[in-house]
1. In region 117-140, which residues are open to solvent by less than 20 Å² (accessible area, probe 1.4 Å) and hydrophobic (A, V, I, L, M, F, W, C)?
2. Could you say whether any residue in region 9-20 is surrounded by 18 or more Cβ atoms within 10 Å (Cβ to Cβ), farther than 22 Å from GLY147 by Cα and in contact (Cβ under 8 Å) with a residue 24 or more places away in the chain?
3. When you look at GLY109, is it of a type outside the set (Val, Ile, Thr), assigned to a loop (DSSP other than H, G, I, E, B) and more than 21 Å from LEU7 (Cα to Cα), yes or no?
4. Show the residue pairs that are 6+ apart or on different chains and have beta-carbon atoms under 8 Å apart, the first residue being within region 41-69 and among the aromatic types (Phe, Trp, Tyr), the second being surrounded by 13 or more Cβ atoms within 10 Å (Cβ to Cβ).
5. Could you say which residue among LEU133, LEU159, LEU148 is over 20 Å from ALA12 (Cα atoms) and either modelled with pLDDT under 85 or not β-branched (Val, Ile, Thr) (or both)?
6. Answer yes if at least one residue in region 145-164 is open to solvent by less than 50 Å² (accessible area, probe 1.4 Å), assigned to a helix (DSSP H, G or I) and closer than 19 Å to TRP18 by Cβ, and no otherwise.
7. For residues that are touching a Phe, Trp or Tyr at 6+ places or on another chain (Cβ under 8 Å) and within 25 Å of CYS127 (Cα to Cα), scanning just region 39-67, find the one that is most open to solvent (accessible area, probe 1.4 Å).
8. Any residue in region 71-87 that's under 22 Å from GLU46 (Cβ atoms) and β-branched (Val, Ile, Thr): show its pairings with residues that are part of a helix (DSSP H, G or I) and open to solvent by less than 10 Å² (accessible area, probe 1.4 Å) at Cβ separation under 9 Å, as long as the two are six or more apart or on different chains.
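The values are calculated or read from the model by the stated rules, or taken from the named source; none is laboratory data. Just so we're clear, the structure is a prediction, and the values are computed from it rather than from any experiment. For neighbour counting, all protein chains shown are included, and Cβ atoms are generated from backbone atoms with ideal geometry for every residue, glycine included. With ligands, DNA and RNA removed, areas are computed over all heavy atoms of the protein, side chains included. Shrake-Rupley method; radii C 1.70, N 1.55, O 1.52, S 1.80 Å.
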Amino acid sequence: MATLPVLELRGAIPVGYWMQMDPIKLSILSVLGNMLPVPFIVLYLEKLARALSNRSSTTRKIVDNFFESTQKKGAQIQEYGWIGLMAFVAIPLPGTGAWTGAIIASLLGMPFWDAITANFCGVVIACLVVNLLVNLGLASAIIVGVGLGLLSTFTWKILRAFGMGKQ
């Protein structure tokens, strides 16, 4: 389940707890499953997009719209490079995660190993956060979720304050 886009480990971990899986095994499988598509996306996204774009004007429009919306997310990530991508992937909110992180890394032309390690570190942090949220209970998870939402809103300002943007 962690390999699927949108759900990723953010959906797999709560389901694994519901299925009463061992938390350590669940976490390891979720991280590995979430990372499985990342190298393929980073390596082959452009080739796939070019092939799809050449098929018809409709698919070209779909691919162009997809890349345009992803590049908007990637603008701030580009400013911070590796740490920006890691932070983006680590915050377990809709629209973030390893799939989107890999797509952004590919679009930004990030070196392969930088893209993989930033995604991996972000996925591990997201795994820890989701495990924490699942174990806190609903009321606490909602409070932490609101806090994460605010943190994600101000992440770029925080990084700038610490001088972590590319000079």
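1. Hits for region 117-140 are ALA118, VAL123, ALA126, CYS127, VAL130.
2. no
3. yes
4. Close Cβ pairs (under 8 Å, with a partner that is surrounded by 13 or more Cβ atoms within 10 Å (Cβ to Cβ)) amount to PHE67/ALA49; PHE67/LEU107.
5. LEU159
6. yes
7. LEU43
8. Between residues of region 71-87 that are under 22 Å from GLU46 (Cβ atoms) and β-branched (Val, Ile, Thr) and residues that are part of a helix (DSSP H, G or I) and open to solvent by less than 10 Å² (accessible area, probe 1.4 Å), the close pairs are ILE77/GLY84; ILE77/LEU85; ILE77/GLY101; ILE77/ILE104; ILE77/ALA105.
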